[in-house]
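Data first, discussion second: the structure below is written as structure tokens.
The values are calculated or read from the model by the stated rules, or taken from the named source; none is laboratory data. Here the structure is a predicted model, which means the values were calculated and not measured. We place every Cβ from the backbone using ideal geometry, glycine too, and count neighbours over all the protein chains shown.
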Amino acid sequence: MKNVQLCPNCNAENPIYKYSCTSCKAFLRARVVNIDLWQTIAALIESPKETFKKIIEAEHKNFVIFLNVLVGIKLFLISVILHSFAEINSVKTDFFFINLLVIIGVSFVVLSLFSYLLTKINSLFSLLNRFRDNYSILIYSFLPLLMSLVILSPVHYALFGPYWFTYNPPPYIVKETEAYILLFIEGLLVVWGLFLVISGVHAQTNNKLYSIAVGCIFYVLLAALLYYIPFLPLS
């Protein structure tokens, strides 16, 4: 697996994150100091692969901790829905915020661990890559789910109240048409998120099949974790 940039001065191969040539110190590209959050969000919609390249090139991966917290909140809400769908009223309101903090913490651990493993696996395929680049790719690939958190979650609560999360009764019994429309939109956002993971890994590795495999494995593992992770209090 090979993804390099050639030095225009000495033709040496360099990792795609390098700003200057490791051999002759000539500049390889324009310098990217910080990630512009709003510009990056807009660019991920228009040209995801090129935007992920800019994220990789950025010297400071700003906003990733803040975004990881928001990702943790969205994953918690998804986990609540999955638990409630499988076991009616399985989430205890007295432990709501404790479970929220736990899932946020788990999201940091899981995303960091997956990024670390991805970095090591990429290295086994002779690809020079960095942990912080892979971590940033995963975080920014959650853009569709973050849009759902900010835009759709208030709509969910306005239409269904706590029933959207407790499934007691299920939302499609309360307001059938609205429930299925929102579920369809959420499904599209999940698919878009998977596409962004694949695009980000592809920007890093330049290998389509590998990127698809990584993206699918990541989403399957994440879905399994959110479904099976226990909530407090443990019974």
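Structure notes:
- Test: residue in segment 144-153 that is part of a loop (DSSP other than H, G, I, E, B) and in the same structural domain as LYS49 (by TED's automatic domain parsing): no
Conditions (1) surrounded by 14 or more Cβ atoms within 10 Å (Cβ to Cβ); (2) touching a Lys or Arg at 6+ places or on another chain (Cβ under 6 Å); (3) within 14 Å of VAL201 (Cβ to Cβ), marked per residue:
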site	(1), (2), (3)
SER112	yes, no, no
ASN122	yes, no, yes
ARG132	yes, yes, no
ILE139	yes, no, yes
MET147	yes, no, no
VAL150	no, no, no
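- In this structure, PHE184 does not satisfy being surrounded by 14 or more Cβ atoms within 10 Å (Cβ to Cβ) and either among the hydrophobic types (A, V, I, L, M, F, W, C) or modelled with pLDDT under 95 (or both).
- Within segment 194-221, the residues that satisfy the criterion of being surrounded by fewer than 20 Cβ atoms within 10 Å (Cβ to Cβ) and within 12 Å of the chain's Cα centre (by Cα) are LEU194, PHE195, TYR219.
- Spans of helices (runs of 4 or more DSSP H) in segment 1-115 with at least 3 residues among the basic types (Lys, Arg): 48-57
- Within segment 12-44, being under 18 Å from the mean Cα position of the chain (by Cα) and surrounded by 14 or more Cβ atoms within 10 Å (Cβ to Cβ) holds for ILE35, ASP36, THR40, ILE41, ALA43, LEU44.
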